[in-house]
Structures are given as C-alpha cells and as structure tokens.
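Just below is one structure, and these are the notes that go with it.
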Amino acid sequence: MKRGGVISKRFLKSIRNIVGKENLLTNEVSRYSHSYDATTLSYMPDAVVIIKRLNDIDKIISLANEVGFYIIPRGSGTGMTGGALPTGGGLVLVLDRLNKHRFIFNHLPYIETEPGTLTSDIQNTAQLYHYFYPPDPASQEYSTIGGNVAEGAGGPHGLKYGTTRDYILYMDVVTGNGKNLTLTRGKDDNIIDLFCGSEGTLGIIKTIGLGVLPEPEEHSTVMFVFKSVSDAMRMVSSIIR
Ligand SMILES: Cc1cc2nc3c(=O)[nH]c(=O)nc-3n(C[C@H](O)[C@H](O)[C@H](O)COP(=O)(O)OP(=O)(O)OC[C@H]3O[C@@H](n4cnc5c(N)ncnc54)[C@H](O)[C@@H]3O)c2cc1C
C-alpha cells in the first residue's frame, strides 16, 4: 500500500510508541536488507517496522493517514515483480512474524492463517490432518501466504488444481484509508480476485481462510520419452482435455 509522502523523523517516534523500539529499524544495514526483493533492484526505505501483532497494522495505517507517508507491505521479499520495493522511500512493514495458523475442522475443513505463514507450513499443516493445500510456487519454503495472495502465486499444481486465488475462502483486509473489510468467497468474489495480484497496492491482508482438499490417495512421478516436442505437446493436450 503506497500513500502519502516520505516519512518524517518526527513520526518515527509515534511508530516506535506503537510497535516498541526493538521493532522499528532505522539503521542503514536493516534498511538496506529490506530495500530489495528477488528482482534485486534496491530502493532504500526510511525505516523498517517488524510487525508482531495484527492490531499494530491498523494503528500504523491510521498514523499514515493522519500524517501521510508511504507504507510498503512485505512478506519474505521473494517477489519477482518489485511489489515490495520502497521505490519512493517510506515505511516497509515486515509481516513474516505474523505466522499463527490453525486447521479448522468443519463440514468443509480449512486453514485460518495470519499473512506471514510460510506456504510450506500451510501445506504441512494440511498434510498433518490428511488434507492437501495444492498451490505450490517454487518459493514455497520461503514465501509467505500474504505474499502469495498479493502476487496471485501458483506452481506446477496450478494446471490441475488452480492457484492461490482458488483457495481463498475469506480474507480480513485493511484498506489504504484504514477501513477494515471481511471479504467472503461467494459474496465478494470480485474484490477478492482484485486483491489477488494487487501487490499490496489496495491494502494489507491480515487474516486468510484457505480451503484444503482431501489428500490424494496416491501420487507418483512418471517419466515419458518422446520422439519429438510435438508428440509431447499432443500428449499434454490430451491429458488436459
Ligand atoms: C526462487 C523463486 C521461485 C519462485 N517461484 C514462483 C512460482 O513458482 N510461482 C509464482 O507464482 N511465483 C513464484 N515466485 C514469485 C512469488 O510471487 C513469490 O515467491 C511469493 O508469492 C511472494 O511471497 P513473499 O512473501 O516473498 O512476498 P514479498 O516479495 O515480500 O511481497 C510480494 C508482494 O506482496 C505484497 N504483500 C506481501 N504481504 C502482503 C500482505 N499481507 N498484504 C498485502 N500485500 C502483501 C508486497 O507488498 C509485494 O507487492 C518465485 C520467487 C522466487 C524468488
């Protein structure tokens, strides 16, 4: 979410009061290490805030609205589109410590999670209960689920099972003007889909309900050898059909 201008030193004090001094980083090393993502482009933020409580997000946004400064949400910084880059300075909000999640047994079981949970932790939790969370970006061991939603991430399972977007049951978000919304699949489909791939420009995703599937009974890897690329493509097409 990017709003307002560059943060002033005066308001760093207010931010410190919200998150505690150990979670506001202004030294050059910390700022530099949050200045880039997987694009390897680098833009120095004015400060970095490690968010450890969901409620602090609302407080920071409300301060940003009051005085005007840029906020750049960040998960693990593995994005390849530059969405987590503080191109105009401002405050990088690091969300990867918000990683509480739980499996909920229901008539349709699901996982409720904070945004900083690693994708692989979601997959492992599903597996623990003999369920399956299919979205599998190659960065799954490092990327956060909030980053996956904001990037609309997916992987090889996408062809058969779909991508992150297809597993969102609901999301709690706070928009740039500080409005809290609960978006529910079936009711707010357009807004949920708009958030997927919005790269943090619409708001911060705080809680996500993710659908899971029953674990496949069997899976294995098979290798086929083809005489030509077109033979291989024909077989892929016939499998998809
Ligand atoms: C080695 C590697 C392999 C990859 N493989 C794939 C792949 O197979 N498929 C694929 O789709 N992508 C892949 N990616 C890119 C992919 O988009 C990211 O890995 C992942 O989705 C980003 O998660 P992150 O936590 O690192 O987010 P970040 O890089 O920190 O942020 C990405 C964007 O999300 C925003 N954001 C983060 N958290 C929130 C939040 N809570 N609320 C709102 N906005 C937020 C940021 O502002 C930024 O715009 C790969 C990247 C790498 C480095």
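A few comments on the model shown:
Every residue, every condition in (1) outside any loop (DSSP other than H, G, I, E, B); (2) away from the ligand (no atom under 14 Å from the Cβ); (3) open to solvent by 60 Å² or more (accessible area, probe 1.4 Å), yes or no:
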residue	(1), (2), (3)
Gln123	yes, no, no
Ala126	yes, yes, no
Gln140	no, no, no
Ala150	yes, no, no
Tyr170	yes, yes, no
Asn177	no, yes, yes
Ile208	yes, no, no
Pro216	no, yes, no
Met223	no, yes, yes
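- Residue ID - farthest from Ser237 (Cα to Cα), chosen from residues in the range 141-164 that are among the polar types (S, T, N, Q) and within 9 Å of the chain's Cα centre (by Cα): Thr144
- Restricting attention to the range 71-115, the residues being on the phi > 0 side of the Ramachandran plot and buried (at least 16 other Cβ atoms within 10 Å of the Cβ) number 3.
- Screening the candidates Leu118, Leu128, Leu41 for the property of being outside the structural domain of Tyr167 (by TED's automatic domain parsing), modelled with pLDDT of 95 or more and more than 19 Å from Ser198 (Cβ to Cβ) yields one hit, Leu41.
- Residue count for the range 107-121, restricted to those that are more than 14 Å from the ligand (Cβ to nearest atom) and over 11 Å from Gly211 (Cα atoms): 1
- Residues of the range 100-145 satisfying the condition of being among the charged types (D, E, K, R) and farther than 28 Å from Asn55 by Cβ: Asp136, Glu141
- If the condition is being within 18 Å of Leu118 (Cβ to Cβ) and either more than 9 Å from the ligand (Cβ to nearest atom) or among the hydroxyl-bearing types (Ser, Thr, Tyr) (or both), then the range 36-92 contributes Ile50, Ile51, Lys52, Leu54, Ser76, Thr78.
- Test: residue in the range 185-195 that is open to solvent by 30 Å² or more (accessible area, probe 1.4 Å) and either within 11 Å of the ligand (Cβ to nearest atom) or under 17 Å from Gly116 (Cα atoms) (or both): no
- The single condition among (1) touching a His at 6+ places or on another chain (Cβ under 9 Å); (2) exposed (fewer than 15 other Cβ atoms within 10 Å of the Cβ) that Pro134 does not meet is (2).
- Checking each residue in the range 155-167 for being farther than 22 Å from Glu218 by Cα and either outside any helix (DSSP H, G or I) or more than 10 Å from the ligand (Cβ to nearest atom) (or both) picks out Arg165, Asp166.
The values are calculated or read from the model by the stated rules, or taken from the named source; none is laboratory data. Just so we're clear, the structure is a prediction, and the values are computed from it rather than from any experiment. Counting neighbours? That spans all protein chains shown, and the Cβs are built from the backbone with ideal geometry, glycine included. Ligands, DNA and RNA are excluded from the accessible area calculation, which covers all protein heavy atoms including side chains. Shrake-Rupley method; radii C 1.70, N 1.55, O 1.52, S 1.80 Å.
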